[in-house]
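The structure appears below as structure tokens.
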Amino acid sequence: MPETTADDDLFETDSSAECDFQVGDNVVYPHHGAGVVKARAPRKVLGEERDYLKIRILHNDMTVHVPCDQAAQVGLRRVIDEETMSKVLAVLGGPCTEMPKNWNRRFKHNREKIKTGDIHELAEVVRNLAVRENEKGLSTGEKQMFTRAKKVLASELMYALEKSEEEAEAYLDDLLGTSPTGSTSAVAASDDDEELVADDDAELALQD
């Protein structure tokens, strides 16, 4: 099972906020998805001992260790409630919003939305890419971004809707009108030249 420690420089937020996460809490770690706090205990890293949250993220079988005093800084938050869930579903069912026409700018635009850790922004990216895939097709890089973003979103829906991982993914695919592997639309020929750039950026957008 892969393990990672949160990068303290990912977010510029107030790190002085009190860390009130406890063992058993369902939480979301941006870019990786939702998981469960399995432990809260001291851990020595680079010679410094601090309290860490050990979070198991089910959908990618990853364990993340987040310093308690920097949980807010890395964007850690609780899984959305019923009211927020309704707003997210409205976003997923809404019309596609305008995106840059230039492929590279569009990719960076979506990447920045994903990096915010805001589920509404994530839902908007997932919806827009689903619409574009059905209408025009996606390049390899955008397909990878779409797949990963859907996984992250479904991981939170799993806890918010009390579904299994498979049920949450199927529920999201049904909302978007896509198959688990995406539609059968062909990759747009005009996107091919920039696929290598996209692949590198997709990795940065959703993983440490």
Over 23 Å between alpha carbons, listed pairs LYS115/LYS163; LYS108/LYS143; LYS113/LYS150; LYS115/LYS150: LYS115/LYS163
Charge context of ILE80, other residues only, Cβ under 9 angstrom, K/R +1, D/E -1: -1
Footprinting exposure proxy for PHE21, PHE146 (fewest neighbouring C-beta atoms within 10 Å first): PHE21, PHE146
Pairwise label distance in nanometres, LYS38 with ASN102, each label 7 Å out on the Cα-Cβ vector: 4.4
Nitroxide proxy distance, nm - points 7 Å out along Cα→Cβ at GLU162 and GLU135: 3.8
Karplus 3J(HN,Hα) series, Hz, for the stretch 117-131 with 6.51 cos²θ - 1.76 cosθ + 1.60 (x for Gly, Pro): x, 7, 5, 5, 5, 4, 4, 5, 4, 4, 4, 4, 5, 5, 5
Karplus 3J(HN,Hα) series, Hz, for the stretch 138-151 with 6.51 cos²θ - 1.76 cosθ + 1.60 (x for Gly, Pro): 10, 6, 4, x, 5, 4, 5, 4, 4, 4, 5, 5, 4, 4
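None of the figures in this text is laboratory data; all of them are computed from the coordinates on show. Please read these numbers as outputs of a predicted model, since none were measured by experiment. Here the Cβ is made from the backbone with ideal geometry for all residues, glycine too, and neighbour counts use every protein chain on show.
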